[in-house]
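Each remark here refers to the structure printed beneath this line.
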């Protein structure tokens, strides 16, 4: 139940772990906003053209001034004006509420500022191809749940089921950002479900499958044999291994350093290389910029074709697997070997780790020694799979 706020009661309100909105019974529609970091503001909630709106008062005025400004905003609504829209128009011009203008701000101030290059490129591509052609010139406040559903249906109709899921994820993030920026009071995509159900993959290769796969990789012509072996020995992402360049490598130090422009989270990442990994790389010809490539001029591609070639080299069929399953296999294998979770996460360059809160903020240790020990232990485990297979086995080769 709303209570009448006073200056004294406002001063006694302490920040919580979540954002709080406290209604003021002394002025209907007025809310005190208290952020977890202690920042405070006033917001007026109202409806305009049947849609919920939120107008944040400029600065943080005293309670009497907040009451006066709230009444003025609600009088404007009664006169058929939208104070939140007028505020944005003053800040951004007449087109400030157009989806294309809001999307540009979202991309600049949220996507580019807080995400790695890979996610940034994908978001830019999806907005430009799938969203802006339909919504670019619409006021973002006029976009409804039906508009979201029709957008996703159009993507599905052209055969893009998974793309529709990814686009929905992007527009939901955009709408949520708009709520934070007082552009929207509610997200039109909040209750929209993904068009195509997805189940998280949990495929992990058994030790026997690792052995059989490695034997097949020895029989595969071309770059996919070394490529899959390095995936299995390093645990890095498919795109990171396929895009490996010679200038990222220091083979004398057995170290592979990925720049932030090549990682998913935008952070540079050092990968210690085990002796077999160094041997695989050293045996490759230097044809150009890229280490694993048909001619060295571009990163390795055609992953489906590569898996088909590997499958054909198998002595007997193996349950379906993907190259990403090899990364999961490395993580699972390290857990079996007793590698600490935070060290495994450091090897995989996961952004969100097991160390959280204040400890995560101040923990800048890169676990270089621990990562090397973990990858060497994993390499020894892979080698050990061959020790008792003395017959009918292709020898383990770097």
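The values are calculated or read from the model by the stated rules, or taken from the named source; none is laboratory data. Computed from a predicted model, the values in this text were never measured in an experiment. Ideal geometry is used to build each Cβ from the backbone, glycine not excepted, and the neighbour counts take in all protein chains shown.
Annotations for the structure displayed:
- Between 282, 274, 304, 297, the distinction of being under 13 Å from residue 243 (Cβ atoms) and either surrounded by 14 or more Cβ atoms within 10 Å (Cβ to Cβ) or out of contact with any helix residue (DSSP H, G or I) (no Cβ under 8 Å at 6 or more places or on another chain) (or both) belongs to 297 only.
- Of the residues 300, 326, the single one that is in a helix (DSSP H, G or I) and within 30 Å of the chain's Cα centre (by Cα) is 326.
- Any hit, the range 207-229, residues being on the phi > 0 side of the Ramachandran plot and under 21 Å from the mean Cα position of the chain (by Cα): no
- Breaking point among (1) touching a residue at least 12 places away in the same chain (Cβ under 8 Å); (2) under 16 Å from residue 185 (Cβ atoms); (3) surrounded by fewer than 16 Cβ atoms within 10 Å (Cβ to Cβ), for residue 13: (2)
- Checking 28, 36 one by one, the residue that is under 33 Å from the mean Cα position of the chain (by Cα) and surrounded by fewer than 15 Cβ atoms within 10 Å (Cβ to Cβ) is 36 and no other.
- Here residue 395 passes the criteria (1) modelled with pLDDT under 90; (2) farther than 22 Å from residue 307 by Cα except the one numbered (2).
- Residue under evaluation residue 48, criteria (1) surrounded by 18 or more Cβ atoms within 10 Å (Cβ to Cβ); (2) touching a residue at least 24 places away in the same chain (Cβ under 8 Å); (3) within 34 Å of the chain's Cα centre (by Cα), criterion not met: (3)
- Residues in the range 16-40 that are outside any strand (DSSP E or B) and in contact with a strand residue (DSSP E or B) (Cβ under 6 Å, 6 or more places away or on another chain) were compared, and the one that is farthest from residue 56 (Cα to Cα) is 25.
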